[in-house]
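The values are calculated or read from the model by the stated rules, or taken from the named source; none is laboratory data. Quantities reported herein were computed from a predicted structural model and do not represent experimental measurements. Backbone-built Cβ (ideal geometry, glycine too); neighbour counts: all protein chains shown. SASA here: full protein model, heavy atoms, side chains in, ligands and nucleic acids out. Shrake-Rupley method; radii C 1.70, N 1.55, O 1.52, S 1.80 Å.
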Amino acid sequence: MDKQEFFKLLENSIVDGIKRYYRNLVFIQDKNYLNHVKEILQLYLKINSKPSIAYAFHPWVKGAKDRLNEIRNLVDVLDIDYSSSDRYLGSTFDVVILDLIDNFEPNYIGRLIDLVRGGGIGILYTDNLIEHKLFRNSIIKNGNIRDVYEKRFLRKLNEHQGIFMIINSDYIAKPFNGEVKEKPSPQIPKKFSMPLELHKLCMSKDQNKVLESFNTIRGGGKKVFVITSARGRGKSAVTGLGLAGLISKIEKKKKFKVVVTAPSSTSISQLMLFLKKGLDALSIPYKSKDSIYGYPLSIEGSNFKVYYEIPEATLEDEGDLLVVDEAAAIGIGYIDSAIKTWKKAVLVTTVHGYEGSGKAFLRYLKRILTTRKVSVVWQELIKPLRYAEEDPVEKWLYDTLLLDAEPDEPPQNVSHVIYESANVEEIFNDDHKLRQIYGILVTAHYRNNPNDLMIMADGVHHKIKTLSTLDGKYIGVVQIAQEGDLPDSLIDLALKGGTFDGDLIPDRLIKHVRLRDFGKMKGWRIVRIAVVQELQDKGLGSTMLNMVEESAKEEGVDWVGSAFMGDARVLNFWIKNGYVPVHVSPKKNEKLGDYPVVVIKPISETAVKATFIASMILKDKILNTLHDIYFSMDPEIARIILNGIKVHKEINVNRIYVDKVLAFVQGVSPYESSADGIHMITLKYFWDAKRDWSLTPEQEIILIAKVLQGRPWRFTSSSLNSNRTTINELLYEAVAELLYRYYNLTPDSKGGLEIKNLDDEFHTNEL
């Protein structure tokens, strides 16, 4: 196709896109990339003379600002640093330009192309997709990397409509000729209880419906309201309007306190901005405290206050309502704790998006809410607001990044399975196979993101193992990264605090255990292991894991391990299969809100010794720093880790401490007066790997939360979803059991000591 015909087709498509509210995409891979970008912008300016334009790039890379300035000589643009692009998730633009010269990273494409509104265009430009790319370079192992992902990306551009390409001076136009549904519009219910002014601010019937449902959170009892949608459906906006509606119904004498949390403060920007819009529409006065980026972090009126807190802080706070935006990205462990702590909560989350599918999160959430017997209302927003339903660019984006990948429905009964290594190039050239395999990972691990797909495709050190039925349906997947066998230079770098890409487990253990051996050994890190949800809890995951371990032995691997966010169910799976916790990050993952954990199953003799040392160091660290470094760790997670480390150390508790514990169980000494003795006897229990008995899980949790972490009574009560009286009884029973088991003492035993009986412990004869 010649250039003139290409631009004529593009012009017609832009005009049609504005008329029918859909988007077009332009991809440029050419040495004259900037000239092409300028020509396309000039064409768009002929049609829309005052467009809003966003330009994304890495401002710190040499030459990047020069390219931006060339575009600015033509038109005004808002420049967006890729690293902080999540701040713009609720924004929309007529044109979004992505500079891919320095980096080609799927996460950014998924995040930023979604900001283009109907009638607009997305422009991706680069000289090539392969050379000198930051994210791609991070996947290189020993100088090697595949280009499987890039080939599939180019293929997907050619398979969809609404796509225009300029590749090495070739012009390729694929105009959209399909049908789109009408632009969404609000529909005010015939009977409504939320203020009419707020209903008029809604942009779709879905939003009007969700707004009305906010009334369900009112009244007595424990209640949860769950709002889900794909990106671009306005869930955060309607949540802000819903809060304004709740505020309008407050009795004047009562201060209504709402705590809002999210993976980061930037995530709540749309929610808070629409809360302000709602309050303005209702003429409710307020004062706002804004972040340095200009969006509100706190909004307060005479009888209400809505403010942001980091997730862990909300578990210690009190208020009338907790709102969690992007709940799946924070993690199910936090949500479980929040539901225990708060009487009323609104959970807002993405079902499909660049974070990955939220389906597994919703499955876990339903299980938790059923277990907790909480009254819950579910609402989903379906129609997109930024562009028309059936938009061609959304279809391209979801297909290319596999944002909605799902496995085929498996058979009900599986008698025989096939375990094999997948050929990466083959599965990435077969969309059906790829959607099955990746769909299993996405639906089981809701924190997957588009970058994971590129790592799987291009990383030569990544292996894919599959479990399938005899008729060819995939039911299980394991993604393995080969790690270790590091040169001395990288081991020295890690010991000095330096970082390098890949080799996650060796890096953590070299730094925190200080053993060079962890760098020398060869290991397999299981990045992901998943079974289709219909066949979970049937032993297939453990079967697949055993097969991986046998393969590792055959190939001379020293250890098999995994690293993941601390989650009770996941931890129990690994420990049940013989894996030992060897590292817990001293810092929570800022985005996901959990402590990353590393587990290992040693194979070689060297690995057995190194794992024993690492697990003992970890157990010592956790027991000594639960009150400090790991204060916000879920006590249940700490309990599983401590019990999963089968190393023993004798803890001698002096007789004065023992007698103070006796005074506590006799009721003559309050907890605060006997806390030192209770602390020591608790350490003795958790270090005792030789005992053939255990306290109940609830008793262990209370010892961790109150005695070792030193949590306030209310916080401790929320850990067990119980009240102060029950917590006191549990603590008493646990301490009494330890006193009897270790010292054969009961509440009827005689208390009090004499100096002559303490000479051997305190060496008083030497004074």
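Structure above, values below:
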| item | result |
| --- | --- |
| 10 Å Cβ shell holding at most 12 others, DSSP loop, GluC sites (Glu not before Pro): longest site-free stretch of the chain | 319-554 |
| Unit charges on C-beta of K, R, D, E only; dipole of the stretch 452-542, Debye | 260 debye |
| Qualifying aspartates and glutamates (Cα of each under 15 Å from Cα of K750; at least 8 residues distant if same chain) | D659 |
| 0 to 90° range, to nearest 10: angle between helix 235-248 axis and the chain longest Cα axis | 70 degrees |
| Debye, to nearest 20: dipole size of the stretch 582-730, +1 on Lys, Arg Cβ, -1 on Asp, Glu Cβ | 220 debye |
| Rounded FRET efficiency, nearest 0.05, which uses the C-beta distance separating T625 from K31 and R0 of 51 Å | 0.40 |
| Under-5 Å amide H pairs with V580, H placed in peptide plane, nonlocal only | I600, K601 |
| Reduced Cα scattering model of the stretch 1-66, Debye log10 I(q)/I(0), q = 0.28 Å⁻¹ | -1.44 |
| Share of carbon and sulfur in the accessible heavy-atom surface of the chain [1.4 Å probe, %] | 49 percent |
| The stretch 1-35 and the stretch 249-276: distance between their alpha carbon centers, rounded to Å | 42 Å |
| Given charges at beta-carbon only (K, R positive; D, E negative), |dipole| of the chain in Debye | 2520 debye |
| Nearest-ten-degree value, helix 33-47 long axis tilted from longest Cα axis of the chain | 70 degrees |
| Pairs from K141/K588; K496/K520; K62/K496; K463/K619; K38/K174 whose Cα-Cα separation, in the structure shown, is over 23 Å | K141/K588; K62/K496; K463/K619 |
| Correct option for Kirkwood radius over Cα pairs in Å [calculated from the coordinates] among (1) 28.9; (2) 27.9; (3) 26.2 | (1) |
| Potential extension, V460-Q666 segment - 0.36 nm per residue separation minus Cα distance | 67.7 nm |
| Nearest-10 value in Å² for the accessible area of T443, using the 1.4 Å probe | 10 Å² |
| Integer Hz, Karplus 6.51/-1.76/1.60 couplings in order for the stretch 57-72, x for Gly and Pro | 6, 9, x, 8, 7, 4, x, 5, 5, 5, 5, 4, 5, 5, 5, 5 |
| In sequence order, calculated HN-Hα J values of the stretch 473-483 (Karplus, 6.51, -1.76, 1.60; Hz; x Gly/Pro) | 8, 6, 10, x, 9, 10, 10, 10, 10, 7, 10 |
| Net lengthening on full extension, V608/R741 (0.36 nm per residue, minus Cα-Cα) | 44.7 nm |
| Rounded to whole Hz, the Karplus (6.51, -1.76, 1.60) HN-Hα couplings of the stretch 500-516, x for glycine and proline | 8, 6, x, 6, 4, 5, x, 4, 5, 6, 5, 5, 9, 9, 6, 9, 5 |
| Per residue accessible area of the chain, 1.4 Å probe, in Å² | 42 Å² |
| Neighbour net charge for K473 - beta-carbon separation under 10 angstrom, K R +1, D E -1 | -3 |
| Residues in the stretch 655-677 that a label on K756 would reach, taking backbone N under 19 Å of a point 7 Å out along Cα→Cβ | 655-656 |
| nm² value of the averaged projected area, convex hull over the Cα atoms of the stretch 361-470 | 10.1 nm² |
| On Cα atoms only, tilt of 359-372 relative to the major axis of the chain in degrees | 40 degrees |
| Contour minus Cα-Cα distance for E251 and L74 (0.36 nm per residue) | 58.2 nm |
